[in-house]
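The values are calculated or read from the model by the stated rules, or taken from the named source; none is laboratory data. What you see is a predicted model, and the numbers here were worked out from it, not measured in a lab. Note that each Cβ is placed from the backbone with ideal geometry, even for glycine, and that neighbours are counted across all protein chains shown.
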Amino acid sequence: MIDSDPGGRAVAAGGPVDRVQAARKWGSLRSQWGAFVLLAVVLFVGSGFYYGPTVLAGTLVAGVALTAALVISGRPGREPGSLPDAVLGWSVVLLCAVQLVKPAGWYLDGWADVTLRALFAVAALLGVVFTRGAGSRRRTAFFALCVLAIGMRALVLIGSPEPRIDMWSNLQHGAAGLLRGENPYSMTFPDVYGGEMLGVPVDAYQYPPLTLLLALPGYVATGDVRASMLLLELASMLMVYGIGLRRLRRRGDQDASWFSLATATLLWAMHPRGLFVLEQSWTEPMITFCLVLFLYLEETGRPLAAACAIGLFASSKQYAVLLLPFVLMVRRDPRVIAAAAATALAVNLPFFLWSPGDFWSDVVLFHLSTPFRDDGLTVNSLLWDVWGFHLADWVGPAAALVAMAACLRGVRDHSTMIHRMVIVMLVLLLASKQAFCNYYYLTASLIAIMLILGITGGTSPAARARPAS
């Protein structure tokens, strides 16, 4: 079961004296687990779109649970965040089983849809074995589920070869153009929406250069940029799982806590909208990868390389700047900031200098000009649906800045860093003019990482003590 001292210390039979203090510092793993499962179901039901107050209410409850996890205490006589193994394991079964009733993607060929549903049925059965089994049987089921997660993602690329979404089209043509020596921010992209989408031209490459650079290897190797996203997300899961194993070995309770670690990993791998995000070519797995790379490099004692990963994270998407201060609160060394800034400049400056006007228009002005959308999973959609008005565009970023300022205090390690990130993301998304499945999927990925770090302990003392040199 999830049964660990959040500071990573070994716990005696009676528990440490500061159990309540530790619980307040780290929050409740129970609330984090509940928020993950609830948000996963909400995203599955509506695919990240507004379908009435009920769907939005589920998102709000998940946000409240995560916020409450900052302050609630563990019950006397129990470790903070303890959950029975059965509850954890059956959560995996639930997330696999619900995917039998709905296609994993919008543009899947018929055979691929049928095959994926059959594989999810197998995954649900393996989840039962994983939950009720023990020893080698449980571990075999875990690794079989991991293989299925990889295979199903590969099947999405084969069964949905040309999704009708500007993200995939722009990445494909941007990668091809970059290989020809063309500036993607000066290119005109094929129209996939019949001229305009809600009044905004769609011929811009509206994402930072790093997304295209990371997508390029997959395009070169397979002809599909999504191959990069698949590999980057799998690498993220593997690195976080590896971090968890290292910490459990360091604490000496690998056997006792392995099930909790494996379950949290599977919750992420079997997220009911993970395949949908991959099919649509959304770039959030790249953002997650950059953050996890930072965590892994810190954990393995390579602080200078970790500082460069911070620069990649800052360059991964525009809203990453709202999350960046939390990373810098963990690593306050001026050399870290310098290395991160140098990396970000190395990635972005060449494209800016290539054509400053085009870069600024696509990366900044495009997003400022996008209108409110009443189908986004936001409070604004609820206001529009019920009362016929929505808040000003600046309210979302302003609310996120307020949340960021309120959450910066007390960030001392990786777990609290990500917890604060999740809260700021939810505030930003709920108050924004538009927010969809990809943004919430990033939030869910962060919750899964937070769960794993909470289960296995805080920031490695060795990683925290080493200077960036």
Test for F366: is it surrounded by fewer than 21 Cβ atoms within 10 Å (Cβ to Cβ), closer than 20 Å to L213 by Cβ and touching a strand residue (DSSP E or B) at 6+ places or on another chain (Cβ under 8 Å): yes
Test: residue in segment 414-422 that is assigned to a helix (DSSP H, G or I), farther than 18 Å from L38 by Cα and at pLDDT below 90: yes
Name the helices (runs of 4 or more DSSP H) wholly within segment 361-407 that hold at least 3 residues that are under 22 Å from the mean Cα position of the chain (by Cα)? 395-407
Please work out which residue is farthest from the chain's Cα centre (by Cα), limiting yourself to segment 201-223 and to residues that are over 18 Å from R180 (Cβ atoms) and at pLDDT 95 or above. T222
Among the helices (runs of 4 or more DSSP H) lying completely within segment 95-200, list those that include at least 1 residues that are modelled with pLDDT of 95 or more and closer than 30 Å to F259 by Cβ. 110-132, 135-159
Odd one out for A309 among (1) modelled with pLDDT of 95 or more; (2) small (G, A, S); (3) over 25 Å from L216 (Cβ atoms): (3)
Which one is farthest from A118 (Cα to Cα) among residues in segment 78-92 that are more than 21 Å from the chain's Cα centre (by Cα) and either among the basic types (K, R) or modelled with pLDDT of 90 or more (or both)? R78
Going through segment 383-433 one residue at a time, which ones are closer than 21 Å to F294 by Cα and in contact with a Phe, Trp or Tyr (Cβ under 6 Å, 6 or more places away or on another chain)? V411, M417, R420, M421
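What are the residues in segment 350-360 that are surrounded by 13 or more Cβ atoms within 10 Å (Cβ to Cβ) and part of a helix (DSSP H, G or I), if any?
Residues satisfying the conditions are F351, F352, W354, D358, F359, W360.
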Flag if P303 is in contact with an Asp or Glu (Cβ under 9 Å, 6 or more places away or on another chain), crowded, with 18+ Cβ neighbours inside 10 Å and farther than 30 Å from L145 by Cα: yes
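This table checks each residue for (1) more than 15 Å from the chain's Cα centre (by Cα); (2) within 30 Å of R251 (Cα to Cα); (3) at pLDDT below 95; (4) in a loop (DSSP other than H, G, I, E, B).
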| site | (1), (2), (3), (4) |
| --- | --- |
| V424 | no, no, yes, no |
| Q434 | yes, no, yes, yes |
| L442 | no, yes, no, no |
| S445 | no, yes, no, no |
| M450 | no, yes, yes, no |
| L453 | no, yes, yes, no |
| G458 | yes, yes, yes, yes |
| R464 | yes, yes, yes, no |
| A468 | yes, yes, yes, yes |
Hey, A392 free of Cβ contacts under 8 Å to residues at least 12 places away in the same chain, surrounded by fewer than 20 Cβ atoms within 10 Å (Cβ to Cβ) and of a type in the set (A, V, I, L, M, F, W, C) or not: yes
What about V240, is it surrounded by fewer than 22 Cβ atoms within 10 Å (Cβ to Cβ), at pLDDT 95 or above and either closer than 19 Å to A309 by Cβ or among the hydrophobic types (A, V, I, L, M, F, W, C) (or both)? no
